[in-house]
Every structure is written in C-alpha cells, then in structure tokens.
Amino acid sequence: MAKVYGTSTARRSRRTRAQLVERLAVTPAQIEELSLHTRPTKEKDSRAKAFDGQSVEVDAMSSRILRQLVSDAIEGHIDQHQLGITTYAERQERETLVRLAGEYRMSPG
C-alpha cells in the first residue's frame, strides 16, 4: 500500500499534540499483482481532481491480505526491542498468575 503522510491534532485533556497520520492506499502494482478489478474514477468526486487513472475499492482485496498490509503498517511504527521486553514481561506475569491460581485452588478451605 502506498503511504501518504500528514499531521493532525487531537484534543486530549485540554492539551493539543501532533499525531502522525498515515493513510494507506492501493498501489498500481497491487492492482496488477492481485488482479483487482478497477473502475473509472468518479469525476464528480472532489478528490478525483488530482488523480489520474482507474480506481479500485480497497475491499476488493482479500481480508487476509488487507489485514496483513495494515498490520505491517502498524508494526513499522513499533520499537521491536521494546515490544520484546513488554512481551517477555507479560509472559512472566501470565505464568505467575496461572501458578497463583493453581495454588489457590489447591489450598484448603
């Protein structure tokens, strides 16, 4: 998917902070590779003025491919080292909770 970058602001507790907005779009290569059906671009659509070529609906892609493309875009913004640390900590916490639950079930009373 093509990436279009921009910024937007969001209000949160009276503070404004900039956020990265990444808009994903179907690429011509994906249209060809996935044999996606195209249609003429609607000329009355205000977004069509700067667009040249055929249009395709993003939901023409299989849900499996679409999920993977979105997942890849999201994961590209994640610090993999920090994710590994967090995943390890969660696994340790889960194991501790399972052990405590087992001990609770085994205790008399």
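FYI, it's all coordinate maths here, none of it is from the lab. Computed from a predicted structure; not experimentally measured. Here Cβ is always computed from backbone atoms with ideal geometry, including for glycine, and neighbour counts include all displayed protein chains.
Compute the Cα gyration tensor for region 57-106, then decide on rounded, prolate or oblate, letting a ≥ b ≥ c be the square roots of its eigenvalues: rounded whenever a/c is under 1.5, prolate when a/b is larger than b/c in the other cases, and oblate in all that remain.
oblate
In what order do 61, 106 fall by count of nearby beta-carbon atoms within 10 Å, going from fewest to most?
106, 61
Which of 38, 87 comes first, and how do the rest follow, when ranked by fewest Cβ neighbours within 10 Å?
Ranking 38, 87 by Cβ neighbours within 10 Å, fewest first, gives 87, 38.
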